Structure formats: structure tokens, C-alpha cells
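The values are calculated or read from the model by the stated rules, or taken from the named source; none is laboratory data. Computed from a prediction, not measured in an experiment: that's the story for all the values here. Cβ placement follows ideal geometry from the backbone for every residue including glycine, while neighbour counts extend to all protein chains displayed.
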Amino acid sequence: MKQSPDGLLRLTPMRLLALAMLIAGIGPVLVRESPVDPAATGFWRLLIALPFAIWLGHANIRFGLRDTLLAILAGLLLGWDLVLWNNAILKTSVMEATVLVMLFPIIVAGAEIGFLGKRLSTKLLIGGAVAFLGTAVIAFSGGAGESSFVGDMMAVAAAVLYAGSLLISATLVRRIDNRSVTPWVVLGGALGALPFGWTESRLFPDDLYGWGYLATYGILTFISYALYNSALSRLPTTLVAISAYGQPVIATGLAIILLSEFPSLTALIGAAIVIAGLLIATVDREAH
């Protein structure tokens, strides 16, 4: 029997989070092979995801003007994040771009502790620190793929923008049905990416294969954001952010298979450290 989207969203929060992380980890590799330019890729993946997001949240996509504007702002930050990140992936190695953008969990944790006054569990903080150590090991391992300072800085800026988007989204999905929030975030993201895509030379794919590629990427984008927002409505924001440390591991594995970017032994050790950190952060987490 096929699992409906609603059925998927009824999975336990930790399983939702794990599935979202797995799907999101495919993104960096897909950007490398995209039939259009970086900002255009961000625009099309969000625009294609939008009808599916509207379909999922059709029951109640209307809510207060202030919250609607906040959701769109979260989307704008997401769109600008994708523009910077997609360019970073093309300017530096998949591994470095993905690792550096993963600085956003530290920003999220700092904001929750310093500005929102939240108390985070010791296991969560230790697990996050271990996972970050793993990403640092990966980043300094000197894996294959051309490195670029400009590309690396783009990835760092993308991390700041995504942290802001995640924090805003978290405040919304805990008060409003996450399925209703997602369409507005996706719409904001498409609007944020469009002006940058319009300045690029390859805004449209050249053939049917290119459109099919973007359609696949858009559907994966929709599934990923829907799962993340559902998990975000029931789990601590910092935990959701820390889970993303698994994405570089997934992206690096796919880069080996699809792009022949082979990491060093040190990078593989870093990946193992990341996994250990995620296990610490999620140990004893209530899964139902």
C-alpha cells in the first residue's frame, strides 16, 4: 500500500527528520548537474514545489497578515540562501560548500540561548558540538574538488540566511498548521530567487530532459521542506538544525558515486564523527 503525504507526515518526528535529512542531502549533487544557472535552479525548484505545497496545505492557507508576511520573509531568506549556496557549490567543492553552510545550527543554537532565553539539553549541545567537530574535520581534510575562498564565503553567508529562515519558520509552525505555512515559505523563496535568476544566461532549460530534471528536483524540494516543517513543529529548533549535519555526509557519498569527488581518509573519519554526534544529540529523544 502506498503511503500518502498525510501518512508520511504522521510518522514519528525523529523519522520525519531522518527522512528529510536524507532527501536534502541529494541537493548539492543535483545543483552541480542542473540544466540552468545557480539562481535559476533555486527559483525553479521552489516554483515547481509551490503547487504541491498549496495542494498539501489547501485546507487553510489563509491566516493573519502579520504571520503571512513572516512566512514570506522566511521564504525570501530561504531563496537568497539558495542563490548563494548554489553559486558556492559551483565555485568550490561539493564537500566544502555543504559543510560551511552547515554552520547554521550554531547560529540557531546561539540565537535560541542568547536571544530567546531557551534552555537546551546537555546531550543536545554535546552532540551538536561533536557533529560540528566532524564537519570541521571534513572541511580541513583537503578532499577532492576545487576549493575557492569566494565560494566558501558564499556558503557561510547562506548559513546565516538559512538560520534566520529556520528560526522564523519554527515560530510559525508551532502556532499554525505547518502544512499551511509551507506554501507561503516556498512562495517567498521563489520570489527571492527570481531576480537573481533573471540576470543569468541560462534561466530556462534547453530541452525536455532539462525540464524533467528540474521537475524532479522541485518535487524532492517539496517533500524535504514539508517533512522538515512537520518535524520542526514537534521538535526543538536546534535539534532540527543539528540534524542537518548529516547532509554533508550524504552529499559527499553521492559526490563519490556521481561526480567522482573522492574524500580523503580524514574526511571519512570526520563523517564518522558527525554520525556519532548525531547519535548523541538524539539519544533518548522521545519518538512518538
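Gly25 versus (1) under 16 Å from the mean Cα position of the chain (by Cα); (2) farther than 17 Å from Phe222 by Cα; (3) modelled with pLDDT under 80: which is the lone unmet condition?
Here Gly25 meets the rest and fails (2).
Filter the range 47-62 down to the residues that are in contact (Cβ under 8 Å) with a residue 40 or more places away in the chain and assigned to a helix (DSSP H, G or I) and list them by number.
The answer is Leu47, Ile48, Ala49, Leu50, Phe52, Ala53, Ile54, Leu56.
Can you name the number of the only condition in (1) crowded, with 20+ Cβ neighbours inside 10 Å; (2) closer than 27 Å to Thr266 by Cα; (3) modelled with pLDDT of 90 or more; (4) of a type in the set (A, V, I, L, M) that Ile89 fails?
(3)
Quickly run through the range 63-102 and pick out the residues that are in a loop (DSSP other than H, G, I, E, B) and either of a type in the set (Ser, Thr, Tyr) or free of Cβ contacts under 8 Å to residues at least 60 places away in the same chain (or both). Can you show your working first?
Step one: of the range 63-102, the residues in a loop (DSSP other than H, G, I, E, B) are 63-64, 92-93, 102.
Correct list: Gly64, Thr92, Ser93.
Go through the residues of the range 248-261 one by one and say whether even a single one is surrounded by fewer than 22 Cβ atoms within 10 Å (Cβ to Cβ), within 25 Å of Ile106 (Cα to Cα), within 15 Å of the chain's Cα centre (by Cα) and not acidic (Asp, Glu).
yes
Looking at the structure I just gave you, is Arg15 in a helix (DSSP H, G or I), basic (Lys, Arg) and either surrounded by 21 or more Cβ atoms within 10 Å (Cβ to Cβ) or in contact (Cβ under 8 Å) with a residue 24 or more places away in the chain (or both)?
It is true that Arg15 is in a helix (DSSP H, G or I), basic (Lys, Arg) and either surrounded by 21 or more Cβ atoms within 10 Å (Cβ to Cβ) or in contact (Cβ under 8 Å) with a residue 24 or more places away in the chain (or both).
So for the range 35-51 (the condition being basic (Lys, Arg) and surrounded by 24 or more Cβ atoms within 10 Å (Cβ to Cβ)), does at least one residue qualify?
Yes, the range 35-51 contains at least one residue that is basic (Lys, Arg) and surrounded by 24 or more Cβ atoms within 10 Å (Cβ to Cβ).
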